[in-house]
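Structure record follows, encoded as structure tokens.
Where a number appears in this text, it was derived from the coordinates with a stated rule and is not lab data. Computed from a predicted model, the values in this text were never measured in an experiment.
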Amino acid sequence: MQNISSVAELKYAIQLLEVDQANKEQLLREQFCYTYESLKPINIIKNTIKDISSSPYLIENMVGSAIGLGTGFLSKKLIVGASGNIVRRIIGGIVEFGVTNLVSHQTSNLKSTGLSILQHIFKKKKHPEVNN
């Protein structure tokens, strides 16, 4: 900053600083309003849902985990059934854990295998043409 040698220069410098202060104050108010709005619980939930829905990797990971949990639960129910036997319940828990981990980590392989099986089941058979 330059050395101020007259009263007019001092008044001008003060006016410039007041304008600068007013601009910074306005920016600070706008930033405060933006921050206040973004920290509202409903906006946090909306932004989180938007982030989740825009991330294909996260969605695929969640779907894989859900499928793994479902198949693990079903495998445990198949092994344990309505039995109250403690050994069957322990083995069922171990199987549930193993199946859940296997399915959730191998989702892409299982998906491609399932699609190929469905295509094989539902593929149209070609009929040989009959010559008259």
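Things to note:
- Cubic angstrom per residue, convex hull over Cα atoms of the stretch 7-54: 55
- Rounded to the nearest whole angstrom, the semi-axes of the ellipsoid equivalent to the stretch 25-94, taken from the Cα gyration tensor as √(5λ), stand at 49, 14, 8, largest first.
- P(r) weight above 16 Å for the stretch 56-121, C-alpha pairs, percent: 54
- Two-decimal Rg/Rh across the chain, once Rg and the Kirkwood Rh are taken from alpha-carbon atoms: 1.50
- Percentage relative contact order, the chain, counting C-alpha pairs under 8 Å, at least six apart: 18
- Nearest 10 degrees, 0 to 90: helix 7-38 Cα axis against the chain principal axis: 20
- Applying 0.36 nm per residue to the separation of Asn47 and Asn3 and subtracting their alpha-carbon distance, the gain on full extension is 10.8 nm.
- Helix 56-80 axis, angle to the chain major axis (alpha carbon atoms, nearest 10°): 40
- Percent RCO, i.e. relative contact order, over the stretch 56-121, from Cα pairs under 8 Å lying at least 6 residues apart: 40
- Nearest-ten-degree value, helix 41-54 long axis tilted from longest Cα axis of the chain: 50
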